[in-house]
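One structure below.
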Amino acid sequence: MDNLMLDGGFADPVMQAQQGFRALMDALANPGTIQQLALGLTPPAPLTPELAAVLLTLCDHDTGVWLEPDLATEAVTGWLRFHIGSPLNVARDQAQFAVLRDSNTLQLNGFSLGTDIYPDRSTTVIVAVPALSGGDALVLKGPGIEHSVEISPLGLPGDFLEQWAENRAQFPRGVDLLLVADGAVIGLPRTTRISGKDA
């Protein structure tokens, strides 16, 4: 592969991965808060810098990754294999991480929910949205939230609340969700209750 296609990773991998890990853990520990990601990345299109930052932070050669078909181009898969070495395009229900660049296609069913004994073996779904604000208002409640938090990510599918209610009903099993855009991330762990603003 052309060496130019392999450029564009973290300039300081250890430091930036540590910063990214802290941001992602804060995002999941404090649902609905916007956390800034360590960027400076130039991955091949259509992989966004935010998606790339999460993958370079969380994945290694033991991490099974499922890519949305439109993302699984030769350039993207080659770049990711070079930078993280992860098995790519594992089965949807076997993936530790799933990556979508089109939030409108989000379907939470079909990913690994983990088990009652090992709920941590579920899939974390990483979704690029057009923006982290400007969409319909959603109210979050649950662990990590003192009273309630309001978010308004743009581009979620129309049945997102129904999908999330079904996912949350599987607790302690269920997927966790990371929404990325604008150099930042919002975490939605499976424990979070999500409703419309007028619900």
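The values are calculated or read from the model by the stated rules, or taken from the named source; none is laboratory data. Note that the structure is predicted; figures quoted are calculated from it, not measured. Cβ atoms come from the backbone with ideal geometry, glycine included; neighbour counts cover every protein chain shown. The area values use the complete protein model at the heavy-atom level, side chains included, leaving out ligands, DNA and RNA. Shrake-Rupley method; radii C 1.70, N 1.55, O 1.52, S 1.80 Å.
List of remarks:
- Rg/Rh (Cα only; Kirkwood hydrodynamic radius) as it applies to the chain: 0.95
- For the chain, the solvent-accessible area with a 1.4 angstrom probe is 47 square angstrom per residue.
- Computed over region 8-91, the ratio Rg/Rh where both radii use C-alpha atoms and Rh is Kirkwood: 0.96
- Here each label is just a point 7 Å from Cα along the line to Cβ, and for Asp120 and Ala137 those points are 3.8 nm apart.
- Sequence-distant contacts, meaning Cα pairs under 8 Å at least 6 residues apart, place the relative contact order of region 82-199 at 27 percent.
- Sorted on the mean count of surrounding Cβ atoms within 10 Å across their residues, most packed first, peptides 94-101, 108-115 read 94-101, 108-115.
- DSSP bridge analysis restricted to the chain gives an antiparallel fraction near 55%, rounded to the nearest 5.
- With every protein chain in place, the chain: carbon and sulfur % of accessible area (1.4 Å): 50
- C-alpha long axis of helix 49-58 to longest principal axis of the chain, angle in °: 90
- Here the label points at Ala75 and Met25, each 7 Å from Cα along the C-beta direction, are separated by 3.5 nm in the simple model.
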